[in-house]
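Read through the structure below, which is laid out as structure tokens, and then see the notes.
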Amino acid sequence: MGRPVGAAAWAHALGVHENDVPGVLFGLVRALRGIDEQVIKVRSLVHSGPDPDLDTALLVMERATHEATAQVEDAHREVVRHA
């Protein structure tokens, strides 16, 4: 993770009041977890299929979604910790 970003910067980036940042970030975490679950489901369907490139592309998506989720979770923790 990079340098922690404060609630004010997140509020500006998200276009919300600073007090709303923890809730918005938590909503993003939940949304990313849902996306991750969907990518895993799709990948499990095509994993043993005839197109290894599709499986590889979905694996890349899965890893990227995991990383994005972890980064937003970290941001949420930082904002809550400093609230």
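The values are calculated or read from the model by the stated rules, or taken from the named source; none is laboratory data. Just so you know, these numbers come straight off a predicted model, no measurement behind them. Counting neighbours? That spans all protein chains shown, and the Cβs are built from the backbone with ideal geometry, glycine included.
Summary of computed values
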item	result
Condition check for HIS76: touching a residue at least 12 places away in the same chain (Cβ under 8 Å), crowded, with 16+ Cβ neighbours inside 10 Å and either out of contact with any helix residue (DSSP H, G or I) (no Cβ under 9 Å at 6 or more places or on another chain) or assigned to a helix (DSSP H, G or I) (or both)	yes
Enumeration of residues in region 6-22 that are under 12 Å from HIS82 (Cα atoms) and not in a helix (DSSP H, G or I)	GLY6
Test: ALA31 is surrounded by 15 or more Cβ atoms within 10 Å (Cβ to Cβ), at pLDDT 95 or above and either assigned to a helix (DSSP H, G or I) or charged (D, E, K, R) (or both)	no
Pair list, Cβ under 6 Å, 6 or more apart: region 20-37 residue touching a residue at least 40 places away in the same chain (Cβ under 8 Å) and of a type outside the set (A, V, I, L, M, F, W, C), other residue surrounded by 17 or more Cβ atoms within 10 Å (Cβ to Cβ) and in a helix (DSSP H, G or I)	PRO22/VAL79
Region 37-59, residues that are part of a helix (DSSP H, G or I) and loosely packed, with under 13 Cβ neighbours inside 10 Å	GLU37, GLN38, LYS41, SER44, LEU45, PRO52, ASP53, THR56
